[in-house]
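**Student:** Submitted below is the structure of interest, expressed as structure tokens.
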Amino acid sequence: MDENLQEETTIFELKPAARAHLGLLLWGIALLPALGLGLILLLRLWYLIASTRYRLTTQRLFVQKGLVAKHLEEVELFRVKDVMLSQGVLDRILRVGTVVVLSTDDTAPRLELAGLRNPLDAKEKIRGAFRSARQREGMRTGEFIAS
């Protein structure tokens with residue numbers, strides 16, 4: 001087994017919060033009596049939450065989507081360029097948001113972790129993890145930007 005994989009530990013595992021999809025939830029409840037349309041919307045809400053997982057380790061960030069068919073994106077943390085937080089007015093009221101991770105990865109230059117509870121905490125954990133990963137790789141910020 002690779003030595004780097006042995007020292008990789010999970011920092012957090014998250015999934016989207018139901019309250020991040022409040023509009024879908026309210027429409028689903030309101031439309032329940034109308035030909036099952038509300039049930040379809042509520043099933044969509046359940047699927048959005050149940051099928052998405054975010055995992056941050058000491059070396060990588062994973063975004064997994066899907067229940068039966070799965071799609072997994074991963075970014076090595078030393079490739080991360082920037083981490084941003086996006087919150088609309090309703091998101092701020094509900095204390096949810098989207099963390100956007102920009103990287104030099106060819107297949108996943110932009111990862112969005114949508115619907116997170118306490119998104120600022122998640123953003124700061126990602127920031128700390130990518131800074132530590134760069135130090136382990138012996139990279140300085142100037143070297144990273146030049147590449």
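**Student:** Hey, can you grab everything whose amide H is under 5 Å from the amide H of THR57? Only 5+ residues off in sequence or another chain; H modelled, so Pro and N-termini drop out.
**Tutor:** ILE11, PHE62
**Student:** Along the range 67-83, what does the Karplus equation 6.51 cos²θ - 1.76 cosθ + 1.60 (θ = phi - 60°) give for ³J(HN,Hα), rounded to whole Hz, x for Gly and Pro?
**Tutor:** The phi angles translate into 9, 9, 7, 10, 10, 10, 10, 9, 10, 5, 4, 5, 8, 5, 9, 7, 10 Hz.
**Student:** Something else now. Show me, for the range 87-102, the HN-Hα J-couplings you get by feeding each phi into the Karplus relation (A = 6.51, B = -1.76, C = 1.60, θ = phi - 60°), rounded to Hz, glycine and proline as x.
**Tutor:** Residue by residue, the range 87-102 yields 9, x, 4, 5, 4, 5, 4, 7, 6, 10, x, 10, 9, 10, 10, 9 Hz.
**Student:** Once phi is turned into ³J(HN,Hα) by the Karplus curve 6.51 cos²θ - 1.76 cosθ + 1.60 with θ = phi - 60°, what whole-Hz value does each residue of the range 112-128 show in order, with x for glycine and proline?
**Tutor:** Each residue of the range 112-128 in turn: 10, 9, 8, x, 7, 6, 6, x, 5, 4, 4, 4, 5, 5, 5, 4, x Hz.
**Student:** List the GluC sites (Glu not before Pro) in the range 57-145 that DSSP assigns to loop (not H, G, I, E or B) and whose Cβ has at most 15 other Cβ atoms within 10 Å. Which are they? Provide the component values of the computation, followed by the final result.
**Tutor:** Working: sites: GLU73, GLU74, GLU76, GLU112, GLU124, GLU137, GLU143; in loops: GLU137.
Qualifying residues, ordered by number: GLU137.
Quick note: the coordinates plus some simple rules give every number you see, no bench work behind them. This is a predicted model, so every value here is computed, not measured. With ideal geometry, Cβ positions are generated from the backbone for all residues, glycine too; neighbour counts draw on all protein chains shown.
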